[in-house]
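Quick note: the coordinates plus some simple rules give every number you see, no bench work behind them. This one's a predicted model, so the numbers in the text were calculated from it and none came from an experiment. Neighbour counts run over all protein chains shown; Cβ positions are idealised from the backbone, glycine included.
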Amino acid sequence: MQRSKYHKLLEVWVKGIDVNWSAWYKDSQMQRISLPTYPFSKEKYWVNVSSFSEKRVELQENHISKSQDQENQEGHTSINSISPKVEVDAVVSIQKQITTILADLLGVADTSIQADVPLDRYGMNSILILQMLQKFQSHIDPSIQLEDIVECNTIEELVAALPVDSIDIHSDSESIAYSELIHLNAVTTGQPIFWIHGGTGGVESYLQLATQLNRPFYGIQAKGYLNDEPPLQSIYAMAAYYTRIIRDIQPEGPYDVGGYSLGGILAYEIIRILQTMEQEVSSIVMIDSFYPDDSNLQWNTEHPYLWQMLYPNGSTASKEKFIDTCYRLEQAYELDQYQPVPLLDSQSIRSYYFRNQNGIFVDENSTNPTDYWQKWRTILPHLHIVDIDTSNHFVMLSEQKSLQQIMISIQSIYTSSDISHTVSSITL
């Protein structure tokens, strides 16, 4: 120590020899000090393990090589599709857009996201994947589907998966402008299906149903879900806005609309509006939707297991934030001011109601309303009731036994041409 040969002391210490450090300073009074720190402020710092520019060049060379091989195999004598320079520019543009979108979703700065770092290290999960899909459809290309991105683990893989040559890099996308609309399956041809959010505001619970269908399936989520945007006020305002979204995707009928719980109420009001517009409605599907003026429907929001059942798996929002959002949306629905009005033509609509067979809303110890679906029959006289074996109202789309029953029935409803046979065969 006196000769300042600290490296010799270090060599002794790393070899496992116990060093009495206090002996070196026996004549001094020592104390611990804190190491310097700095605030992260939502910033994340990663080791830059590789150069993205090198990766991008390699990616583009591989992409161009594959394109050339494909065209040569098809008998083309020249390559006229996209020049390498334009294609590289397109990749750079897409990579920049993806980074901006992800930074906004994850709440970090653009510069903190590395293109070759796995997205789950930044907090990506199943909930955010749906939000990312919607942003991609709105800002990059409306043809992007969930199956295109769900297996991508990095920005580099997303860049490689997205349709580079279909994007105009010199202008902003003029695709679907509705942040509430999410295309939940990979089907792009055929008559669309539109399902409206339930009381919590999200459409994640429809994903497994959507992926089993061979028709485009769109979920419409509530304004203010997963962000601080003010929600629309009243069932009437929401239904009117959602009708506009639906008609922008499908200008003319016939329409197929549905929803779980509150989503069934919104679906009913939407088809009523569509009929006033002289549009044909093919079907409505309600999953255990209560009739709005049913005074017997009372449930305890302080129930210890209620929010556990409602809280989406993989959500990045705290449970307190989620509960606050639910209360905010519940007030915006103004259900006490909504009264269903008879349809102009209820006879032509195929109407289905998936009923919680045991009638339990939360659990057997809670007050459970009875026959909260009955009044729908007064305005939907040909309502087909499909009984579902489920533990309670809130797990109908998450409990496997009930989800499978609903999935089989939904496939029959949206694919079968013999409706009367379908209904008799799926009613349990």
Output ordering of 256-262, 270-276 (per-residue mean of other Cβ within 10 Å, highest first) is 256-262, 270-276
Can you give the FRET efficiency to the nearest 0.05 for residue 104 and residue 215, using r as the Cβ-Cβ distance and R₀ = 35 Å?
0.65
How do the peptides 392-400, 340-348 rank, highest first, by the average count of neighbouring beta carbon atoms within 10 Å per residue?
392-400, 340-348
For residue 278 paired with residue 341, estimate the spin-label separation in nm (one decimal), with each label point 7 Å from Cα along the Cα-to-Cβ line.
1.8
